[in-house]
Every structure is written in structure tokens, then in C-alpha cells.
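Here is the structure we will look at, set down as C-alpha cells.
The values are calculated or read from the model by the stated rules, or taken from the named source; none is laboratory data. Remember, it's a predicted structure, so these values are computed and weren't measured experimentally. Don't worry about glycine lacking a Cβ; one is built from the backbone with ideal geometry, like all the others, and counts go over all protein chains shown.
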Amino acid sequence: MRRYFSRKLLIYLVTFFLAVTVDWLIPRLMPGDPIQNMLSRAALNANAAEKLYTYYTHAFRLDLPVWRQYLNFWNALLHGDLGISTYLFPTPVSEIIGDAVPYDLFLLLPSILLSWWAGNKFGAYAARTKRLDNTLLPIGYLLTATPYMWLGILLAWVFGIVLGWFPIAGAYSYTMSPHLSWTFVGSVLHHWFLPFASLFLVGFGGWAIGMRNMIIYELEADYSHYLEALGAPRRLIRKYAFRNAILPQLSGLALQLGVVVAGALVTEVVFSYPGIGYLILAAIQNQDYFLVQGCFLFIIIGVLAANFLIDVAYVIVDPRTRRGMVGE
Amino acid sequence: MARRDRGGKKRRNEFLYFALRNNKLKIGASIVLLFLLVAAFGSFLTDRDPEAFGGPMSSPPSAEYWFGTTFFGQDVFAQFIAGLRATFLVGALGGGLATVLGMLIGFVAGYRGGAVDESLNVLTNIVLVIPTFALLLIISAYLQVRGLIMESIFIGLTAWPWAARAIRAQTLSLRSREFVDMARISGMRPLRIIFTEIAPNMMSYLVMTFILQFGGAILIAATLDFIGLGPTEGFSLGIMMQYAVLWGALPLGLWWWFVPPGAAIAAIVGALYFMNVGLDEVFNPKLRET
Amino acid sequence: MSLQVDGLTVYYQTLQGDVRALENATFSMADGEIMGLAGESGCGKSTLSNSLILLAPPMKHVCGRVLLDGNELPIGRVEAMNRYRFKEISVVPQYAMNAMNPTRKIGKMIEELLRARGIEIRKILPELKRRLDLVELKHNVLKMYPIELSGGMKQRMVMVLSTLLDPSLLLADEITSALDVSTQKAVAGMLVGFRDQGIVKSVIVITHDMSILYQIADSILIMYAGQLAEKADTETIIHTPRHPYTKMLITSLPKVGVKHDERRLAGIPGKPPLLLDPPEGCRFRERCPHAHERCLQVPPFVEIAPGHHVACWKVGDKDA
């Protein structure tokens, strides 16, 4: 088990290091100058503009040699300082991200967990009979092949515009500001439902298909045949198959995180939901170095942390790893 | 030598026999083929320029404009065909690149084993863990002019780990089979072994991997395009949807603008996945239905 | 216990048609008999054993009956056979190495299996431990995962589990094939021990290894291409076989101590027929040196001497 974790940790650390470096590097390769952008929005005469340019370049420490900027970056990062946004100047990046994170978690966590759980149950159920399998399989494939944003658009159109049951923009009604009351909570849930549903449905299809395949594989394994030969009821055989099929699905969850993040991003764009995805888009469009970096970093950390949690869960669930029998 | 050739031919015929009878394969392939034909010969169906204005604005499907017009009076059907072409191109190029890269890395890792395998594994795992979509975002954002080819290359460069993993696993299982040991004992050079003994058995796997990568590349490209990080010129199905949402097709109810592109993607990728299941049955006797 | 198989015919359904894997098998076994079931790969021995315990698609019960202790077994109906499985008739499968759920502790799996079959583990635990002692497995094996056991240990564990409820008939399918010679001897010995102690009443030992059968079987049934060829007690089969196939099989066995230049290995020229469209009549006739036109009809499995059955026109017609 030690070996299992130490290997994983190594990969995470290296990944983190690489990602941070890439994160720092790429915006610097970009054509365009964030300070210029910021200044061009303010109407200034040439003289003032030049002085302010020097001032801000110095303030943002962009006049230092490159390697020093890199080290400063790490230094600041370890202090939790992600810089100041140029797009939403003078708010600190960490604060902007901090405001957006709750919405992301609120959207991502339920949809990931529920679609995984429901999809797995459903896939296992579909594997029971041939007829059920033949009708449910195409639906699953269709769902998982549906692009996230198109499903979001469809849901928004059908349930938001045509039927008018749900709003299609924002995290809560524009007439409110966050406060603790049932109406606010209701509004939040009302706005949350459609984006959640589109993330849930696509994920559901994928998990259902995966589980169905794994279950069939397990049901045809030798141990299933042996139990059958000893007269075990189908219930027991299915239970064992399910327990064994869940394991690869769990590691699959870790692998899918990147995809889900992408999906959440476009869904937020469709529904103007104020999460990290929406933020990153605005940051890119406005060429805000620090905000882009911060968002990307946050996504990386989030995915790595989630991966780690899943690895821990895997060790708990698969008894073989505890005995040091399953490498990776 | 002769005996081996005969065996190979017999196996190919056996696959063909089952392939022609497999429903999933037939249905999936026909759907994909249908879209492919529309994309390839679309210019015969309509000769309107997708970018041209001039039609009635925001008008629903009619005899003259099969898919209606956009907010600006552009022909949605013409855009659709142009978009289909771009989508197929990205799928083929991006998916192809990912498969080739995955093939190289997976083969070498699985066949050589040892330190080579370990280091390639670490590399693969790292690329797998990185949310490559976020990476693509940043890279794409900082290129002012982007083309279809560039997009395909990026997708290929980030999607290969899936293929590499699958191919490595398959190589490992084949490598320890008897006929490979026989070839090694008889003194065949490693490269020759790879090409004559292992590759034919991997063919089925490679085909299936490519199909999955093809579908995956289409989805990734559509997502990138939708955010506005796709090609800066031209059309794709994702770009169509982006414009639709941007220009208020939702509140205005211009459903003919955003439904066809997404539906086409869902249909094509779904059909590809379906084909894959069918192919799995053709290549794997155990899965065939009685 | 007594086993009577009467005209059992089982085919495999495939896309290309029915594979006629078992044709008209008729034989019987007495109480306490260890019968070896031998033949080449694909001769139908596994089909026969599977038919007795788990006849599931793609296998198809065409006709024939099986009577265990006078009761007809509903072998064609998978659900109905459950009453008999594990309790009256049990199997040590060919894949015993992988027969146990890899993610479950062995003891836990046994407990759950027994509970599902209506038996409380507490009652049977002392007996289970006694059986483990019999096969020389430590009791703590119940707390382990299958992967922690060696191949031989897993084999013995499966033997203990399969015989836990004292079945009348045990089917032992290639239980020594994957083992080294000394473990083979131990396992074969355990099988006889089980019978001698009354844990199982009768055993059908399926194998292609004649030397094992010579050691432990009371009688041997030889099969070829889905048909029964010969059945007799072990001594007769090994030393005085009558069926042409059995004769050639026995002579083709390499003898210990005999060198290649003294006596060449004799094989049986030709290959067994494909059972999708098998030849008419006796399926061995294409390789048989004594074949004649009568062989175009299926020879009946007749008793030419007490306890000695042969399916061959040449033998059955009472000429040498």
C-alpha cells in the first residue's frame, strides 16, 4: 500500500510542478500586453499613460528578469497570493476565484456523484435481461455522445423558453442579493436545476454504459460460473459482480474528472452560471494574465485533490490494495 | 509461411462474415456514412455560400431554406454542410494523431517493459491527470489566428494517453503469447516481430481505438469551438452553436439554428460508439450473440 | 447412490448451426464408484459433466434422461436443478484456480454462499475445519483472499468447498491438469480419501491423463467425438481394451524407461472430426484401421462382458 501511495504522490507532485510552470509560462508567451489593455480602458493622455505604464509594470513586477518572476510566482503561490486581477482591478484574484468556487462545487459535486451512482445502478440493472439491454443500451450511448453544451442548450430552450419552468441565466434571481432565506434558497435551486440536469444526464449515460460492460464481464468470470454451479441464487452472483465491477468504475471516475470539468465549463457558459468556467472565459477574452493563471491553477489543484480522494477511496474499497497485491 | 498466410486470410474472411451480419455495426456505420456523404457531396445539394447574407432574417425552415436562416439571414443548411466537413476533418486528423501517438507509446511501453515502460507510464499518467481541456483553453486563447489543422494537432497531442493505455495493455497480453515466444526463439528481430506477429493481432484493437478517438476528437473540438477557441475562420458545428447562443437564438426561439448542429454531433458520435460495440462483437467471438 | 444416464444428447447452439457435442450417452455408475472419463480435447467429456450440473445456453438439452438415485434430474431446466446443485451433485471445476471471488475473503464467501443456500455457517463450521485438516490446509486460510494462496492450495480449498455438503456425486473436472506431479499425487489421493470416508459417494474424474486414472479410478469411460467408445474397469481398459480407439490410445502412451530408438512414439494419424457436421455413423471410422461399410451406422454401446461396454461393430459382432 505504501508503494501504491508513494507512486501516486510522486505523479501528483510532478504534475503539480509541471502544471504550475506551464501555467506561469504560457501567458507570458502570449502576444498582447495586459497592462496596455488595462490602460486603454481608461482615457488618458499620452504622457500620463506612459508614466502609469511604467508604474504598473513595476507594480506588477513585470520589469524583473524572467527567472526572478518565476521564483516570485512560486513564492507568492505558497503564500496563497495569486496576484491582482487586471480585468476586475483592483480585486485580488484569489478573492474573485473564492467567490466563484462555491457555485462550481454546488454544480459539480452533486452532478458527478449522483450521475456516477445512478449510472452504475442503472447499468447493472440493464445487464439483467437481453431485451432490457437492447433497448437501454442505445439510449446510454446517445446520452454519452451528446455534447454537454448542446444538451444544456436544449434543456434551456425546452424547459426555460418554451415551457418557461426554469430560468436560464445566473445563479439566482437578479432581483435578489445573497441572504439567508427560503426565497433565496429557492431561487438558487431554481437556477441550479437545468445546468445540473445537463451535466447529470451526459455523465449518467457514460457511467451506465461502462457499468453494463463491466457487469457483463464479471458475470462471465470463472467465479460467477462456480457460484452458479453450486446453486447460488442469481441475487448473490449479481451482488458479487456489482462489487467487483465498481472498482474499475471508481478509477474511471478519477480519469473522467478532466472531461467533467470541461463539460461544466461550457454548461456554465450556456447558462451564464458564475462559476470558474465562466470566469476563465471572461479572463481570456479580456487578457487578464493573473486571473487566467489563477483559474487554471485552481482547476489543477482541484483535479489533483479529487484524484487523491478517489485513490484513498479505492484503497478502502478494494481489499487487494491493502495487502499490497495490486500495483497500478 | 504459406500456412500462416492461409490462417490470416481465413481469419479475415471470418471477420468479414460476422461484420456483415452484425446489426450494431451496420446501423452505426450507415449513420456515419450518411453524414459523411452529405458532407462530401453537400455542394451538390446547395450552392449557397454559408457566409453570405441576403436571406430573410431569422426565418424558420422552408422549402427554399431547408434549415432556415440565422439571425443575420445566412443559410443554416449551407453552414451545416460546411460545419460537417470541418467536424469530420478534425475527427480524422485529431483522432488519427492521438491513435498514432498512443500506438507508438503504448507499443514500445508494452513490448519493452522495464525502465522504458515505467518512465512512459509516468508520462502517460501525468498527461492523464492534467485537465488537458484547461490546457487547451490557455494555449488556444493565446494564438490569435487558429486553424483547423492546429486544433486537430492540439487535440491529438492531448488525447493520446487513453489510446496508449489500451494499446499497452493489449501489447502486454500478446507479448507473452506463445507465437511471439516462438518468433523470438527463432531469432527474428524485434521490429520484425512487432510487424508480422503482433501488429495483425492488434489490428482489430487499433481500429476500435481509432474510432473512439475519432468520436472523442469531434466532441472536444465542438466544445472548444463553442467557447470561441476554435478556428478563427470558417464554420464548424460547434461554431454554429456558439453564434446561435451569442446572438440570442434561445430567447428568440430560433431552434433550427442550434438543434441541427448538436443533433448531428450526437448522432455521429453515438453511431461511432455503437459501431465500436458491434466491432467488439465481431472481433471477440465470446461476445457474439447466439 | 446410483447414477443412470440414458440416451443423453446435448448440442451447442452456434450461429453456424448446432455443434453435436454429446450424442446418445448411456451408462450407469454404482455406489462408491470412481469413474474416470477420458478422451481427447473436444471429445465431449466436459460437455457431459456440464450437462449433469449446469446445462445452460448455449448448451441445449436435445433428449435423454439422467437418474440420480432413481430420481430424474431436471437437467434441462436451470432453475429447477438448483435443488440438487451443491447438495446432491457438485463439481470441482476446471478453472478452480480462479473459481473464488478475488475480492472476498474465503471464509466470508463461504458464509454468504451457505446462507444463500439456507445453511447457517455456525452449524457447519466445525465440519469445515475438519475438512481443512483433511486436505492439510490451515484454518486461517478462511481469513485470506484467494490471491494469497498458491495454485495447489486453491485447488484443495475448492475441493473442500465443493464437497462440504456431502454430495452423492462429485464431478472432478481436470483437477490435476495445472499441477506439478507431486501435488497431483496428493490431490488425487485426497479425492480417493473423500470417497473412502463417505464425504462423497461417487466421483466422475474427467481428465486426459490416463496415468492418474490408472492410480485412482475403479472404471474408465472413453469418449471420442461426442460418442461413448468404451467403458470397463480400469484394469481391462489399460491392459485389454477392445475398442480400436482405446487400443490406439493406450499404445500411444509413452512408457517410462523406454527410449525413443527402442520404440517410437505411436500416434493416431488424422484428426477428430468437427462436430458441426459430423460424419455419419461411428465418428472414429475415418481414422480406424478396421472400418468397413457397417460403420456408416452408429454402433450401439453394448455390454460384451459384465461391466464392459463397447461401441464398435467389430467387437459387438463377437469376432476378434
The residue that is farthest from the chain's Cα centre (by Cα), considering only those in segment B:253-276 that are under 20 Å from B:Leu206 (Cα atoms) and within 7 Å of chain A (Cβ to nearest Cβ), is B:Phe274
Name the single residue that is surrounded by the most Cβ atoms within 10 Å (Cβ to Cβ) among those in segment A:131-178 being hydroxyl-bearing (Ser, Thr, Tyr) and in contact with a Ser or Thr (Cβ under 7 Å, 6 or more places away or on another chain). A:Tyr148
Picking from C:Asp261, C:Asp180, C:Asp209, which residue would you name as being among the acidic types (Asp, Glu) and under 19 Å from the mean Cα position of the chain (by Cα)? C:Asp209
Subset of segment C:78-97 [without any contact (Cβ under 8 Å) to a residue 40 or more places away in the chain, touching a helix residue (DSSP H, G or I) at 6+ places or on another chain (Cβ under 7 Å) and not in a loop (DSSP other than H, G, I, E, B)]: C:Arg85
For A:Ala208, all conditions in the list (1) closer than 30 Å to B:Tyr273 by Cα; (2) within 10 Å of another protein chain (Cβ to nearest Cβ); (3) under 27 Å from the mean Cα position of the chain (by Cα) hold save one; what is the number of the exception? (2)
Whichever residue in segment A:222-244 is touching a residue at least 12 places away in the same chain (Cβ under 8 Å) and of a type in the set (A, V, I, L, M) and, among such residues, is surrounded by the fewest Cβ atoms within 10 Å (Cβ to Cβ): A:Ile237
Taking the condition within 14 Å of chain C (Cβ to nearest Cβ) and either under 18 Å from A:Ser111 (Cα atoms) or surrounded by fewer than 20 Cβ atoms within 10 Å (Cβ to Cβ) (or both), does A:Leu247 pass? yes
Kindly provide the set of residues from segment A:280-312 that are aromatic (Phe, Trp, Tyr) and more than 11 Å from the chain's Cα centre (by Cα), ordered by number. A:Tyr289, A:Phe290, A:Phe296, A:Phe308
Considering only residues that are farther than 18 Å from A:Leu25 by Cα, free of Cβ contacts under 8 Å to residues at least 24 places away in the same chain and assigned to a helix (DSSP H, G or I), which ones fall in segment A:65-98? A:Glu95, A:Gly98
For segment C:69-105: of the residues being among the aromatic types (Phe, Trp, Tyr) and crowded, with 19+ Cβ neighbours inside 10 Å, which is nearest to A:Leu230 (Cα to Cα)? C:Phe86
Taking segment C:110-131, which residues are crowded, with 16+ Cβ neighbours inside 10 Å and either under 26 Å from the mean Cα position of the chain (by Cα) or acidic (Asp, Glu) (or both)? C:Ile110, C:Glu111, C:Glu112, C:Leu113, C:Leu114, C:Arg117, C:Leu128, C:Arg131
Using the structure shown, decide if A:Ile215 is touching a Gly at 6+ places or on another chain (Cβ under 8 Å), within 30 Å of C:Ala80 (Cβ to Cβ), buried (at least 22 other Cβ atoms within 10 Å of the Cβ) and away from chain C (no Cβ under 12 Å). yes
Pick from B:Phe235, B:Phe226: which is facing chain A (nearest Cβ under 9 Å) and either under 25 Å from B:Arg146 (Cβ atoms) or not small (Gly, Ala, Ser) (or both)? B:Phe226
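A quick yes/no check of all residues on (1) surrounded by fewer than 23 Cβ atoms within 10 Å (Cβ to Cβ); (2) closer than 25 Å to C:Thr47 by Cα; (3) modelled with pLDDT of 85 or more:
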residue	(1), (2), (3)
C:Ala217	no, yes, yes
C:Leu221	no, yes, yes
C:Ile237	no, yes, yes
C:Met248	yes, yes, yes
C:Ile268	yes, yes, no
C:Pro272	yes, yes, no
C:Gln297	yes, yes, yes
C:Phe301	yes, yes, yes
So for segment A:179-192 (the condition being within 13 Å of chain B (Cβ to nearest Cβ) and buried (at least 17 other Cβ atoms within 10 Å of the Cβ)), does at least one residue qualify? no
Filtered residues of segment C:173-190 (kept if out of contact with any Ser or Thr (no Cβ under 9 Å at 6 or more places or on another chain) and modelled with pLDDT of 90 or more): C:Gly189, C:Met190
Does A:Tyr103 count as part of a loop (DSSP other than H, G, I, E, B) and either in contact with a Gly (Cβ under 8 Å, 6 or more places away or on another chain) or of a type in the set (Phe, Trp, Tyr) (or both)? no
Scan segment A:169-199 residue by residue and report those that are part of a loop (DSSP other than H, G, I, E, B) and farther than 12 Å from A:Phe271 by Cα. A:Ser173, A:Tyr174, A:Thr175, A:Met176, A:Ser177, A:Pro178, A:His179, A:Leu180, A:Ser181
Given (1) more than 9 Å from every other protein chain (Cβ to nearest Cβ); (2) over 22 Å from C:Val200 (Cα atoms); (3) touching a Lys or Arg at 6+ places or on another chain (Cβ under 7 Å), number of the condition C:Ala80 does not satisfy: (3)
So, of the residues in segment A:270-283 that are surrounded by fewer than 24 Cβ atoms within 10 Å (Cβ to Cβ) and hydrophobic (A, V, I, L, M, F, W, C), which turns out to be farthest from the other protein chains (Cβ to nearest Cβ)? A:Ala282
With the structure loaded, tell me whether B:Ala134 is modelled with pLDDT under 75, more than 19 Å from B:Ala217 (Cβ to Cβ), buried (at least 20 other Cβ atoms within 10 Å of the Cβ) and within 13 Å of chain A (Cβ to nearest Cβ) or whether it fails that test. no
Go through segment B:230-245 and count every residue that is over 14 Å from B:Phe72 (Cα atoms), outside any loop (DSSP other than H, G, I, E, B) and hydrophobic (A, V, I, L, M, F, W, C). 3
In segment A:121-128, is there at least one residue being surrounded by 14 or more Cβ atoms within 10 Å (Cβ to Cβ) and within 25 Å of A:Phe271 (Cβ to Cβ)? no
Would you confirm whether or not segment A:295-315 contains a residue that is more than 14 Å from chain C (Cβ to nearest Cβ), crowded, with 24+ Cβ neighbours inside 10 Å and in contact (Cβ under 8 Å) with a residue 60 or more places away in the chain? yes
B:Thr70 - would you say it is among the β-branched types (Val, Ile, Thr), at pLDDT 90 or above and surrounded by 23 or more Cβ atoms within 10 Å (Cβ to Cβ)? no
Examine segment B:240-252 for a residue that is facing chain A (nearest Cβ under 9 Å), more than 18 Å from B:Val90 (Cβ to Cβ), of a type in the set (Gly, Ala, Ser) and without any contact (Cβ under 8 Å) to a residue 60 or more places away in the chain, and state whether such a residue exists. no
Quick one: C:Ser51 ticks every box in (1) modelled with pLDDT of 90 or more; (2) more than 17 Å from the chain's Cα centre (by Cα); (3) closer than 30 Å to B:Tyr17 by Cβ bar one, so which box is it? (2)
